[in-house]
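Input: a single structure, listed below in structure tokens.
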Amino acid sequence: MSDFRSRGLEALKAKIAALEAGGRADSESLPFGDERIDDCLPGGGLPLGRWHELYGPGLEMETAAAPAAFAALLAAPLARRGEAVWVVRRDDLWAPGLAGLGFPPERLIQVCARDEAEALAVMEDALATVGVSAVFGEVETVDLTAGRRLQLACEKMGATGFVVRRRPYGGTAKREGAGSASATRWRVASAPSEPAAGEFGLGDPRFAVTLERCRGGRTGAWLFEASGAYSWETTDVAHPLRLVADLGDRQLAPAQSDRAAA
């Protein structure tokens with residue numbers, strides 16, 4: 001009886017995982033290559049054929065510099081499989097900077113939209129287009145209806161979407177609706193870099209990242225480093241992001257007295 005219950009439980013878990021993956025039991029994922037984060041994600045990596053949400057605190061909601069860079073790093077291996085469409089509302093995406101992060105610029109198609117409604121519509125069309133592997137869209141909010149439409153578009157051709165939340169011209173923040181259809185939500189902020197041992201200056205870019213929401217997985221917080229950024233060629237290599245140990249509060253060692261202990 002216990003074996004029967006165990007098999008039944010495993011089958012139920014598989015059905016739930018398939019539903020959370022958009023109804024596809026064989027959903028593909030893009031692993032980071034580090035079990036500390038891959039174990040938190042369903043399927044052992046970033047779920048593909050779905051859309052993901054990224055945003056940053058404070059001024060990042062207007063510039064979106066850190067979230068956009070992190071999104072490009074996340075999708076760099078994926079972009080080598082097909083075309084990548086980046087929908088912007090402010091024409092300030094710098095392709096050479098993406099190339100320095102290992103993102104293949106020859107795969108990039110930029111589209112400038114007039115407003116958020118048009119940006120979301122372009123995202124839908126691009127996600128449902130043959131040959132497109134990744135679609136990025138800079139919008140401030142995605143309500144539940146728009147999110148479901150994005151997910152349906154992802155499922156048509158298996159493309160993966162990345163919504164970089166951005167309010168490009170400032171102004172008052174919109175009121176967010178309840179619920180979200182995104183597979184994951186990432187909070188991204190820049191972190192201090194650290195040069196290599198014995199060297200001076202800046203090290204590789206680092207990001208303090210919190211996975212705030214993950215369907216079928218677990219949340220967590222990590223410090224990422226873009227190893228070799230601005231020094232590699234765009235080739236089919238390992239994932240450009242790696243985890244590093246976070247800095248903790250370190251206490252200074254007590255100063256020793258000049259006098260010898262009696």
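The values are calculated or read from the model by the stated rules, or taken from the named source; none is laboratory data. Owing to the predicted nature of the structure, the values given are computational and were not obtained by experimental measurement. Please note: Cβ atoms are built from the backbone with ideal geometry, for glycine as well, and neighbour counts cover all protein chains shown. For accessibility, only protein heavy atoms count, side chains too; no ligands or nucleic acids. Shrake-Rupley method; radii C 1.70, N 1.55, O 1.52, S 1.80 Å.
Overview of values
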item: For region 44-61, 3J(HN,Hα) per residue [Karplus equation, 6.51 cos²θ - 1.76 cosθ + 1.60, θ = phi - 60°, Hz, x = Gly/Pro]; result: x, x, 5, x, 9, x, 9, 10, 10, 10, 9, 8, x, x, x, 5, 4, 5
item: Phi to ³J(HN,Hα) by Karplus 6.51 cos²θ - 1.76 cosθ + 1.60 over region 146-153, Hz, x for Gly, Pro; result: 5, x, 5, 5, 5, 5, 4, 5
item: Zone of Leu152's modelled label, taken as backbone nitrogen in region 38-58 under 19 Å from a point 7 Å along Cα→Cβ; result: 49-52
item: Between region 56-89 and region 146-161, the alpha-carbon center distance in angstrom; result: 17
item: Contour excess over end-to-end distance, with Cα ends at Thr63 and Thr219 and 0.36 nm allotted per residue; result: 53.6 nm
item: Reciprocal mean inverse distance between Cα atoms of region 27-261 - Kirkwood radius, Å; result: 18.6
item: Built amide H within the under 5 Å cut-off of Trp86, gap 5+; result: Ile109, Gln110, Val111, Phe136
item: Leu144 paired with Asp34, simple spin-label distance in nm, labels 7 Å along Cα-to-beta-carbon; result: 3.5
item: Spacing of the two label points (7 Å from each Cα toward its C-beta) at Asp91 and Phe200, in nm; result: 4.2
item: Positive-end extreme of charge dipole, region 27-261 - chosen from Ala134, Tyr230, Pro57 (charges on Cβ); result: Pro57
item: Long-range amide H partners of Gly102 with built H, under 5 Å; result: Tyr230
item: Within the accessible area of region 27-261 (1.4 Å probe), percent carbon and sulfur; result: 50
item: Karplus-derived HN-Hα couplings along region 75-87 (A = 6.51, B = -1.76, C = 1.60, θ = phi - 60°), whole Hz, x at Gly and Pro; result: 9, 4, x, 5, 5, 6, 8, x, 7, 10, 10, 10, 9
item: Packing-based ranking, highest mean first, of 110-117, 73-80, 35-42 given that Cβ atoms within 10 Å are counted; result: 73-80, 35-42, 110-117
item: Residues with amide H under 5 Å from that of Ala191, placed H, sequence gap 5 or more; result: Arg206, Phe207, Ala208
item: Cβ crowding within 10 Å averaged over residues, with 191-202, 122-133 ranked highest first; result: 122-133, 191-202
